[in-house]
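Okay, so here's the structure we're looking at.
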């Protein structure tokens, strides 16, 4: 019998509960077994219970195999209160990798669509524990703001090693170190460590770019990049550049990974202007759940979800307003969940009924499913 996974679900605030619910719906559509541990965190939990990170949420994250996260933040709760949740998940649990695979899916408009038939498909590996991260110095009086930036040899080494291992594992060919080492000493250290680590990966092409040049090159041709490894703030900025090419933040998933712990969240925040209207795009959350399955080494189920997202978007019948449609959040989740069930069922049938492979769509699915085994 397949293993049963415990998943701590922390929807949080704003559109977090809406999009996370659709990710859970899609996970339930797979043939996997889950136990979902639902926990209130963030501004909502603080307002209702006086604690943005209740004890049961901490217990659930310790007990679970992974955490599926939404977003935190509330106008009625000071910034540092819901932020306590992220400090716990990132710093206390040492989820030092922020992995952002950014891909242009078929059927999604991009300003680059005339330039390349290959679209956009790159990965940003961003340090989640050093740089500016979550340690801010604050204000000195009313006229001076300060922030302390720290990069250590140990921190740089482990994020760069992760990026190199990921490049090899995923069959990617090139890794680019992005920094501002021409004038920041912390970035000089980061680049020096990159040069040391990448020597251990002779089959991986390596490249170096300053962040301003990298931003310019991304806007000209994102195919210049494959995997980018970078300190925290540059990864956030460059992600924004790429996200504008793939359909917006509703299409941008992420994984926050440590050595023994990981949580998965869409790149977007709470988006209170959309909350409660049923119009938010849940695909970033659904793709974050897909990354969770990859981390759990459930590659087949992860690929089925990715294929389902691709086919629903390519069909163009169901999509939210940000992608030019009129579908609701739940309608998109329903369509992707239905497609997951369809692909799974057809994959089983294809093994017993070779004649079904005759159609191009079934042939494509059969080839994809055969890669899992």
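Remarks
- Which labelled figure in [x] 19.6, 62; [y] 43.2, 183; [z] 20.8, 75 is Rg and Dmax of the Cα atoms in Å, once derived from the coordinates: [z]
- Relative contact order, whole percent, for region 1-74 stands at 50, derived from Cα pairs under 8 Å and 6 or more residues apart.
- When 162, 264 are sorted by how many other C-beta atoms sit within 10 angstrom of their C-beta, beginning with the fewest, the order is 162, 264.
- Stretchable slack from residue 342 to residue 223, in nm (0.36 nm times residue separation minus alpha-carbon distance): 39.6 nm
- Shape of region 1-79, Cα gyration tensor, a/c cut at 1.5: oblate
- Rounded to the nearest 5, the antiparallel percentage of DSSP beta bridges internal to region 1-97 is 10%.
- GNM top mover of 222, 78, 106 - the chain, alpha-carbon springs below 10 Å: 78
- Which of 245, 216, 292 has the fewest Cβ neighbours within 10 Å, and the rest in rising order: 216, 245, 292
- Between region 284-321 and region 78-100, the C-alpha centres lie 25 angstrom from each other.
- Antiparallel bridges, percent of DSSP beta bridges restricted to the chain (to nearest 5): 45
- Normalising the Debye intensity of region 192-272 to I(0), with uniform scatterers on Cα atoms only, and taking log10 at q = 0.14 Å⁻¹ returns -0.62.
- Mean sequence separation of contacting Cα pairs (under 8 Å, at least six apart), scaled by the length of the chain, corresponds to a relative contact order of 21 percent.
- At an R0 of 41 angstrom, the distance between the Cβ atoms of residue 143 and residue 47 translates into a FRET efficiency of 0.80.
- Ranked for footprinting exposure by Cβ neighbours inside 10 Å, fewest first, 187, 147 give 147, 187.
- Of interest is the spacing of the C-alpha centroids, which for region 184-240 and region 3-53 amounts to 34 Å.
- Build a GNM of the chain with springs between Cα atoms under 10 Å apart, and of 161, 100, 220 the one that fluctuates most is 220.
- Largest mean-square fluctuation among 20, 307, 146, in a Gaussian network model of the chain whose springs join Cα atoms under 10 Å apart, belongs to 146.
Readers should treat all values here as calculations from the given coordinates under stated rules, not as data from a laboratory. Bear in mind the structure is a predicted one, so any value in this text is a computation, not a measurement. We place every Cβ from the backbone using ideal geometry, glycine too, and count neighbours over all the protein chains shown.
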